[in-house]
Amino acid sequence: MDRSPLIPPVRATLLFLAALASGATPSAAQDIPLDTAELASDDAADADSSDAVRSVLADVVTAYAVPDMPAATFLGTTPATIARPATGRDFLVGLASGVDENGRARQGFALEASPLAVIPGLGISLDQYRAAGFNPRYLLANLLLSLGAAQAAGDTAPTTLAYGLRLTVFDAGDPMRDPEFLRALGDSIARCRPRTPLGGIPHADRPTQLTAELRDLMDERHDRAVRCMGSHTRKLARRYARAHWNASNVTLAYAGGERLNRSSFAERRHAGDRVWVTAALRAGTAAQAIAYVDWSHVRDAGIRSYSAVTYGARVNVGSEAVNGFAELLGQERFHAPGGGGASGRSWSAGVELRAAMSLWISAGLGERFRQTARPDAVAVIASLRWGISLGSRLSPGN
Amino acid sequence: MPAHVGPIDPTRPIDIEIAGLSSHVIAFALWSRLPDRDTWTVLGQGRTGDGTFGPHILTLDGIPHAQIYYWIAASNPARPHAAFHARVRISQHGAVVSHGEIDIHGTTDAAGNESVEEWIDLL
């Protein structure tokens, strides 16, 4: 569990800000439901479909980050458990778990894998990862594949199988390419080494069976060392993330889906595609410009097929904990139900205060705030909005 | 289970090389113990990964039935739950001793860390 402790200065200003934030927005941390959870049922009436699209347009956009797991975002679900195989064998076992005994897709299946981990012989060393210039190994190391399956509400609704990939093309805030961070990391984990070997190790010329007590002691020492490392690396990661909150980066993702009638792989049709791209540009030590584009094509029994482009641009000025921001968000929808297209656009500007890891309080002016403002509301945005959270790469809260 | 490495040529020193083969920072500590002794002596410690040096090589007298105890830690906070790979290679006079290549595999935890503690019997 993340503890999300409040940062001391934030604690002091929280009450003040809560009083001030009568115009603040309680932005939901949900992605746009351009997906099967909202729009999957074959039997739904056109009116339902139009309502769904209208509701999407009303929401416009609340999350502007490339998703961590594109397949799950495509499905509109948050998997309870995600298989993350670290070996080829685990990957095959994970894939097999997505199919039931009758050869049909299993509901709730979610798997995320790095090709580097699951394809034997593809491993790369830290030096190879850090090689300067065009580095295919770096791209491969930052490629994540995801798979998921979900069924929309209703017993007869088809299952949607989604597949996705996420690729960090460039990230100036990657700590594992920073020699200073690596040196500090090496020094800090080295502090967790045991002072001496464990007592009671059998001699080489007198081999004896290792006792269960000795094994238990080794396990205890292992747990202690790993806890110690975790404590050191979390501190380092936090410090690094704070210093690189506005690093330049480019990330893209793709997700597609197949609708499986009665969960059968033989009876499938394409459900749609979605592509995300974000690019962030550092400007000095205290500013960052971000652009976001998300293209979607949803296909569902023809009548409810549509395409949409969601876009955004934002400028942050401040620090990792307090930002002034201005943003323009919009969405253009083509071939929407009812004929023709639709569009929505909004702007806003204001101040955001990081209350805890990945939790932001937001107050400001603009379309987004006006639409959703409520008296006494304080926005707590529990997501990696715009992908600038401290947790975006280092997960120091874990 | 400890690795059994050898036979060791008692007339030559042995080289022990520690290298990280995955995108993790590796820290290590090694001790050695002579046959018929109960105490361990520090052989060396260090870390890889900052690009200023390659694999570490430590030297020990070639003594059959001596032992090497190692602690190897791997860390990559940007990549939790990932497989790591390190290697301890024991060679004499430039050639790897029989069974002298010990691959250390593991999976890091949610914070991207893991450590392994084990020993090697020289035959």
(message) Just to be sure I understand the model, the point goes 7 Å from the Cα along the line to the Cβ. What's the resulting A:Ser97 to A:Leu198 distance in nm?
(response) 2.9
(message) If you take every residue apart from B:Gln67 with its C-beta less than 12 Å away from the C-beta of B:Gln67, what net charge results, scoring Lys and Arg +1 and Asp and Glu -1?
(response) -2
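Counting only protein heavy atoms and using a 1.4 Å probe, what share of the accessible area of chain B belongs to carbon plus sulfur, as a whole percent?
That fraction is 53 percent.
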(message) Using 0.36 nm times the number of residues separating A:Ile119 and A:Val169, minus their current alpha carbon distance, what extension gain do you get?
(response) 15.9 nm
(message) I'd like the trypsin sites (Lys or Arg not before Pro) in the stretch A:156-198 restricted to DSSP loop residues with at most 15 other Cβ atoms within 10 Å, sorted by number.
(response) A:Arg191, A:Arg195
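Between A:Asp187 and A:Glu220, how high is the FRET efficiency from 1/(1 + (r/R0)^6) when r is the Cβ-Cβ distance and R₀ = 22 Å? Nearest 0.05.
The calculated FRET efficiency here is 0.35.
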(request) Any chance you could look up the accessible area of A:Cys228 with a 1.4 Å probe, heavy atoms only, rounded to 10 Å²? (result) 40
(request) Work out the length of the dipole vector of the stretch A:191-335 about its Cα centre, built from +1 on the beta-carbon of each Lys and Arg and -1 on the beta-carbon of each Asp and Glu, and round it to the nearest 20 debye. (result) 340
(request) Ignoring ligands, DNA and RNA and using a 1.4 Å probe, state the total buried accessible area between A and B in Å², rounded to the nearest 100. (result) 3900
(message) Between A:Ser305 and B:Asp38, what's the calculated FRET efficiency when r is the beta-carbon distance and R0 is 56 Å? Round to 0.05.
(response) 0.15
(message) Which of rounded, prolate or oblate describes chain B when judged by the alpha-carbon gyration tensor and an a/c cut-off of 1.5?
(response) prolate
(request) Count the net charge of all other residues whose Cβ sits under 15 Å from the Cβ of A:Cys192, scoring Lys and Arg as +1 and Asp and Glu as -1. (result) +3
(request) Determine, from the Cβ-Cβ distance of A:Arg89 and A:Val317 and an R0 of 51 Å, the FRET efficiency 1/(1 + (r/R0)^6), rounded to the nearest 0.05. (result) 0.55
(message) What distance in nm lies between label points placed 7 Å from Cα along the C-beta direction at B:Ala110 and B:Leu123?
(response) 4.3
(request) Within the stretch A:108-179, report the chymotrypsin sites (Phe, Trp or Tyr not before Pro) that DSSP leaves as loop and that have at most 16 other Cβ atoms within 10 Å. (result) A:Phe134
(message) Counting only protein heavy atoms and a 1.4 Å probe, tell me what percentage of the stretch A:65-170's accessible area is made up of carbon and sulfur.
(response) 60
(message) Let me make sure I get this right: for the stretch A:99-218, a, b and c are the square roots of the gyration tensor eigenvalues over alpha carbons, sorted descending. Under 1.5 in a/c it's rounded, otherwise prolate if a/b > b/c, else oblate. Which is it?
(response) oblate
(message) With a 1.4 Å probe and all protein chains kept in place, how do A:Trp245, A:Trp295 rank by accessible area, largest first?
(response) A:Trp295, A:Trp245
(request) Identify the GluC sites (Glu not before Pro) of the stretch A:212-292 meeting these criteria: DSSP loop state and at most 15 other C-beta atoms within 10 Å of the C-beta. (result) A:Glu267
(message) In the stretch B:69-85, what residues drop by 30 Å² or more of accessible area when the other protein chains are put back, versus the chain on its own? Use 1.4 Å, and skip ligands and nucleic acids.
(response) B:Tyr69, B:Trp71, B:Ser75, B:Pro77, B:Ala78, B:Arg79, B:His81, B:Ala83
(request) Could you please report the charge total around B:Ile8, scoring K, R as +1 and D, E as -1 over all other residues with beta-carbon less than 13 angstrom from its beta-carbon? (result) -4
(request) Summarise the partner chain shielding of A:118-125 as one whole number: the mean count of Cβ atoms from other chains within 10 Å of each residue's Cβ. (result) 3
(request) May I ask which residue of B:Trp71, B:Ser91, B:Ala27 lies farthest towards the positive end of the charge dipole of chain B, with charges of +1 (Lys, Arg) and -1 (Asp, Glu) on Cβ and the Cα centre as origin? (result) B:Ala27
(request) Mind checking A:193-199 for the average number of partner chain beta-carbons within 10 Å of each residue's beta-carbon? (result) 6
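The values are calculated or read from the model by the stated rules, or taken from the named source; none is laboratory data. What you are looking at is a predicted structure, and each value in this text was computed from that prediction instead of being measured. Cβ coordinates were reconstructed from backbone atoms using ideal geometry, including for glycine residues, and neighbour counts include every protein chain displayed. In case anyone asks, the SASA skips ligands and DNA or RNA and just uses the protein heavy atoms, side chains included. Shrake-Rupley method; radii C 1.70, N 1.55, O 1.52, S 1.80 Å.
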